[in-house]
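The values are calculated or read from the model by the stated rules, or taken from the named source; none is laboratory data. It should be emphasised that the depicted structure is a prediction, and the values quoted were computed from it without experimental measurement. As a convention, Cβ positions derive from the backbone with ideal geometry for all residues, glycine included, and neighbour counts pool all protein chains shown. Just the protein is used for accessible areas: all its heavy atoms, side chains included, with ligands, DNA and RNA removed. Shrake-Rupley method; radii C 1.70, N 1.55, O 1.52, S 1.80 Å.
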Amino acid sequence: MIVEVTSYWKNLYISPPLKTFLEEVMLRFANHTDINDEAVQLSFRFNTLEFHHRKGIISNSDYNQQHNQIANAAADILTKITNEFLPILPTKAVAGNGGPQYVVETDKISTWRKVKSINVKNRVGIKVQGDSMNTDYNDGDILICAGVERDEISEKNPMIIVTDDDRFYLKRIKILDNNTIELHSSNKRYKPIKLPINEVREIWKVERKLPR
């Protein structure tokens with residue numbers, strides 16, 4: 001399943017040692033020099049502090065004070081990740097008749113896009129594959145999506161549906177009854193797909209697409 005990205009980074013941050021969080025930031029954000037440089041500097045300070053503490057060069061009170069300073073600076077990095085960077089999932093929303101997709105784990109996400117002036121907290125980026133949603137979206141578009149509950153399904157906005165067998169559909173949704181939804185393409189060459197609501201595992205509302 002698509003696990004909650006913000007919780008992943010928060011849990012990594014609060015789980016000692018702090019070094020693990022900083023190393024993950026350096027790995028995942030190697031192409032973003034601003035945030036990567038901060039993590040590198042903090043990691044060096046952390047390792048130096050730990051060495052001095054083991055050798056008895058600094059007192060416990062000095063160690064705690066400096067450790068808190070590093071932790072606070074790392075918290076600023078956490079805030080930037082959750083508020084400014086959009087994770088691009090290593091899977092695609094099929095704008096066609098659907099197809100099997102792989103399970104997505106947060107620690108497998110390697111592409112992050114810094115987005116300015118757009119709220120990306122608790123959002124994910126999902127890439128479009130296929131032409132069934134032309135003219136709304138084209139093959140290769142990256143969509144900013146927010147998770148919603150079943151009772152938040154809208155017939156107005158395109159949605160990404162994730163089924164129990166790991167299929168991703170990018171469609172407009174028509175609610176037929178309490179048990180069934182119908183997936184509609186913008187491209188009239190594609191016929192509607194009926195889907196039992198109990199086979200839907202996740203629903204993502206498409207908010208906008210990223211500029212190319």
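Would you check if ASN179 is free of Cβ contacts under 8 Å to residues at least 40 places away in the same chain and touching a helix residue (DSSP H, G or I) at 6+ places or on another chain (Cβ under 9 Å)?
Criteria met by ASN179.
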Which numbered condition ASN72 misses (of (1) touching a residue at least 60 places away in the same chain (Cβ under 8 Å); (2) out of contact with any helix residue (DSSP H, G or I) (no Cβ under 8 Å at 6 or more places or on another chain); (3) open to solvent by 50 Å² or more (accessible area, probe 1.4 Å)): (1)
Counted residues, the range 109-126 - those being in a strand (DSSP E or B) and surrounded by 19 or more Cβ atoms within 10 Å (Cβ to Cβ): 5
I'm trying to understand the selection: among the residues of the range 152-164, which are out of contact with any helix residue (DSSP H, G or I) (no Cβ under 8 Å at 6 or more places or on another chain) and either open to solvent by less than 30 Å² (accessible area, probe 1.4 Å) or more than 19 Å from ILE142 (Cα to Cα) (or both)? GLU152, ILE153, SER154, GLU155, LYS156, PRO158, MET159, ILE160, ILE161, VAL162
Assuming TYR169 fulfils every condition listed in (1) in a loop (DSSP other than H, G, I, E, B); (2) in contact (Cβ under 8 Å) with a residue 60 or more places away in the chain apart from one, which condition is it? (1)
Give the range 180-197 a look and list any residue that's exposed (fewer than 13 other Cβ atoms within 10 Å of the Cβ) and at pLDDT below 90, or say none. LYS188, ARG189
